[in-house]
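Here is the structure we will look at.
The values are calculated or read from the model by the stated rules, or taken from the named source; none is laboratory data. Remember, it's a predicted structure, so these values are computed and weren't measured experimentally. Here Cβ is always computed from backbone atoms with ideal geometry, including for glycine, and neighbour counts include all displayed protein chains. Side chains are part of the model used for accessible areas, which takes the heavy atoms of the whole protein and leaves out ligands, DNA and RNA. Shrake-Rupley method; radii C 1.70, N 1.55, O 1.52, S 1.80 Å.
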Amino acid sequence: MISLIICTRHPNDLAELRRNVDETIGTAYQWIVIDNSENRYSLCAAYNEGVRQAEGELLCFMHDDIVYHTRDWGKNVERHFQLPEVGMIGVAGSHIIPAAGDWRVGFIPYHVLHFVQRNHSLMQYDSYFAEEARLCVDGLLTEVAVLDGVWFCLPKRLFDSGTVRFDDRNFTSFHIYDTDISMQVVQTGRKLYVVDDVLLEHNSKGVFNESFVEALQTFFQKWEGRLPVVRGMEVDTEQLSRDAKRHSDELAERISSDHDMVTVINYWKQVNAGNTPAAPLTQSQQELSSFTEFLFMKNLVKYYPDKQASRAYLMKELHRLSLSHRCLLLWKYFLYRVLCLPFKQKSMNMVIANGNPTPAKR
């Protein structure tokens, strides 16, 4: 049996995911939801609680905003763990854990991917990181050094024996838990693999913020002297050192950009609520502002997919804005609904069909 473990702030919104799992998993499973609506847990603490409740031989840790597109994926998971050297499997990862920077930012030639990530750009869905990343080769397990936290599985015996444990003492936020648990599995001598026979779709992207930086620093302090880690490919160590320096700078820029986006969103929340923002937007934040408004339109379509409901919600929200602002947002909404959405859905169907000849019905 597979125990599915989910930490969520919205435990009452999982009916669709549960139905999707019922239709696709193809094997016996236990459904474990850790209710974090009151922010009682860090992700490591929540997952440790899930491990405590688990009765299955295999544990599957997954985000609460995914959709499975492979039928009988649970049987595939069980088959992979029949190989004694397998310690952990996932759908995205990297051949390297660098000694500086984060493997998700830059380091693209080392990435291995097998899932669909919704893109925050206007017109397309894309892979998790970039086209230059390697796709998992059909029919093969691709060995990696680290797996991404969107979805991964481990045998419960590793936890029962005390070999691995989510480090809730050092990692008290929602970041780097996946890199740390991957590193623990690496230390056991077992192998980590990206698998090609579990296709899922992920509906959000991570945020790089101050707590991310703190968790990354904690990770480097914890594993000092044991990095970098390379698995599944040959790497020029000098080139890897140069990459680490360059991508550390790139990560700093990414964190600054994400901080600006959060500031802009909070700014407009205050304005739309009729409050005066505490501080004006900087020049770079002003440039992000119109894009943020467009994201608002996209969210209307995402959460209210039928026209009548989305239109009603839109009108409810717009009454707070000035007439000119209302007209601008309505025009963007019209363009997105008529021009962008049909194209995106067609692209999505093509990606899913190419990744799996018999995708599950949503």
Plugging the Cβ-Cβ distance of Arg9 and Arg169 into 1/(1 + (r/R0)^6) at R0 = 22 Å yields, to the nearest 0.05, a FRET efficiency of 0.45
Each label sits 7 Å from Cα toward the beta-carbon; between Ser37 and Asp22 the label points are separated, in nm, by 2.1
Square roots of five times the C-alpha gyration tensor eigenvalues of the stretch 145-219, ordered largest first and given in whole Å, equal 21, 19, 10
Log10 I(q)/I(0) at q = 0.16, 0.24, 0.25 Å⁻¹ for the stretch 1-108, from Debye over equal alpha-carbon scatterers, is -0.86, -1.32, -1.35
Rounded to the nearest 10 Å², the accessible area of Met1 using a 1.4 Å probe with every protein chain kept is 70
Label model pair Leu140, Asn275: point-to-point distance (7 angstrom along the Cα→beta-carbon line) in nm is 5.4
Judged on accessible area alone, 1.4 Å probe, highest first, Lys75, Lys156 line up as Lys75, Lys156
Over the stretch 137-233, with neighbouring protein chains present, the accessible area per residue in Å² at probe 1.4 Å is 41
The stretch 1-110 accessible area per residue, 1.4 Å probe, protein heavy atoms, integer Å², reads 38
Here the residues of the stretch 7-42 lying in the modelled label zone of Ser211, meaning backbone nitrogen under 13 Å from a point 7 Å along Cα-to-Cβ, are 8-9, 36-42
